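Worksheet: one structure, shown below.
The values are calculated or read from the model by the stated rules, or taken from the named source; none is laboratory data. Predicted model only: the values in this text are computed from it and were never measured. Virtual Cβ from ideal backbone geometry, glycine too; neighbours counted across all protein chains shown. Side chains included, ligands, DNA and RNA excluded: accessible areas come from the protein's heavy atoms. Shrake-Rupley method; radii C 1.70, N 1.55, O 1.52, S 1.80 Å.
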Amino acid sequence: GESVGLHLPTLSVQEGDNSIINCAYSNSASDYFIWYKQESGKGPQFIIDIRSNMDKRQGQRVTVLLNKTVKHLSLQIAATQPGDSAVYFCAVYSGGYQKVTFGTGTKLQVIP
Amino acid sequence: DTEVTQTPKHLVMGMTNKKSLKCEQHMGHRAMYWYKQKAKKPPELMFVYSYEKLSINESVPSRFSPECPNSSLLNLHLHALQPEDSALYLCASKPREVAEYNEQFFGPGTRLTVL
């Protein structure tokens, strides 16, 4: 089965700094990856996605990098703001499945 | 309307009670999901409906019974639950075909406590 993990359970960053959240997955057949943000008391919110035929994708203040060789993806948040404080989940979608497997989550704490 | 709504927000029930959770979306999405999320854990998939038909049941105990009356509505019927079933229950919907690669839209969840 799919194993999806995060390297750090909690990440504290200074406001204005860049944040990097990492995620490792185990299934080399995984072909679609999503980062979700979950604030306290709310459901997960889509941030950015990337397909396996890409190495990098950029959004507004966020960038996702995918390294299929080592089965690793990362989420970079530029100029981190207090509103970025939340738990971030990577999620992996494997071909032929109708579901997403979520990683264990990283809590991002932004220090004002 | 671009959101998934869930009712109630909070629910407290005894182990002998029967209750239902409701999820609604009016985005025309044809795939709908139930997830269970324990505190400080990621969401765990329970059920997937595609075009109002159950397509995935992740070996969920029969005390949880899903229902999809129409393309906009998803219910989760609860009966004889256990205290360990206490969790946040999340509903999500997805555009187009279930197998296509696009994100799910999540509701805010129902916080369930079983006494």
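Mind jotting down the three principal axis lengths of the protein assembly as shown based on Cα atoms? Whole angstrom, largest first.
50, 38, 35
Starting from the Cα-Cα distance between B:SER62 and B:ARG111, subtract it from 0.36 nm times their residue separation and give me the gain in nm to one decimal. All intermediate terms of the calculation are to be shown ahead of the outcome.
Numbers: separation 49, 0.36 × 49 = 17.64 nm, distance 2.00 nm.
Working it through step by step, the gained length comes to 15.6 nm.
Once you wrap a convex hull around the alpha carbon atoms of the stretch B:12-115, what is its projected area averaged over all directions, in nm²? Before the final figure, lay out each step's value.
On the way: hull surface 25.1 nm².
For the stretch B:12-115, averaging the hull's shadow over all directions gives 6.3 nm².
How high is the relative contact order of chain B? Use alpha-carbon pairs under 8 Å, at least six apart in sequence, and give a whole percent. Don't skip to the answer; put the middle values down first.
Values: 294 pairs, mean separation 42.4, N = 115.
Computed value for chain B: 37 percent relative contact order.
Convex hull volume of the Cα atoms in chain A, per residue, in Å³?
On the way: hull volume 10.6 nm³, N = 112.
Roughly 95 Å³ of hull volume per residue.
Using a cut-off of 15 Å between beta-carbons, work out the net charge of the residues near A:THR69 (Lys and Arg +1, Asp and Glu -1, A:THR69 not included). Could the numbers behind the result be given before it?
On the way: positive: A:LYS56, A:LYS68, A:LYS71; negative: A:ASP31, A:ASP55.
Computed value for this residue: +1.
Explain nothing, just the number: relative contact order of the stretch B:49-89, from Cα pairs under 8 Å at least 6 residues apart, as a whole percent. Before the final figure, lay out the partial values.
Values: 31 pairs, mean separation 12.6, N = 41.
So the answer I get is 31 percent.
For chain B, set up a Gaussian network in which alpha carbons nearer than 10 Å are linked by springs, and say which option among B:SER86, B:SER50, B:SER59 fluctuates the most.
Result for chain B, Cα springs under 10 Å: B:SER59 fluctuates most.
Leaving ligands, DNA and RNA out of it, report the carbon-plus-sulfur percent of the accessible area of chain A at a 1.4 Å probe.
Numbers: 2480 of 5390 Å².
The value for chain A is 46 percent carbon and sulfur by accessible area.
For chain A, what's the relative contact order in percent, using C-alpha pairs closer than 8 Å and at least 6 residues apart? Intermediate results must be reported in sequence, preceding the final value.
Details: 282 pairs, mean separation 41.5, N = 112.
After rounding, I find 37 percent.
Any idea of B:THR113's accessible area? Nearest 10 Å², probe 1.4 Å.
Probe radius 1.4 Å; accessible area of B:THR113 about 50 Å².
Report the Cys residues of chain B lacking a disulfide-compatible partner, meaning no second Cys Cβ under 4.7 Å from their Cβ.
Within chain B, the cysteines lacking a partner Cβ under 4.7 Å are B:CYS68.
Which of A:ASN18, A:ASN27, A:ASN53 moves the most in a Gaussian network model of chain A with Cα springs under 10 Å?
Ranking A:ASN18, A:ASN27, A:ASN53 by mean-square fluctuation puts A:ASN53 first.
So how much accessible area does B:LYS22 have, in Å² to the nearest 10, using a 1.4 Å probe?
80
How much length would be gained if the chain were fully extended between B:SER55 and B:ASN102, taking 0.36 nm per residue of separation minus their Cα-Cα distance, in nm to one decimal? Before the final figure, lay out the partial values.
Working: separation 47, 0.36 × 47 = 16.92 nm, distance 1.76 nm.
Contour length minus Cα-Cα distance gives 15.2 nm.
Work out the FRET efficiency for A:ASP55 and B:VAL12 from their Cβ-Cβ distance, taking R0 = 35 Å, and round it to the nearest 0.05. Intermediate values should be presented prior to the final figure.
Numbers: r = 48 Å, r/R0 = 1.37.
For R0 = 35 Å, the calculated efficiency reads 0.15.
Using a 1.4 angstrom probe and counting only protein chains, how large is the accessible area of B:GLU84 in Å², to 10?
110
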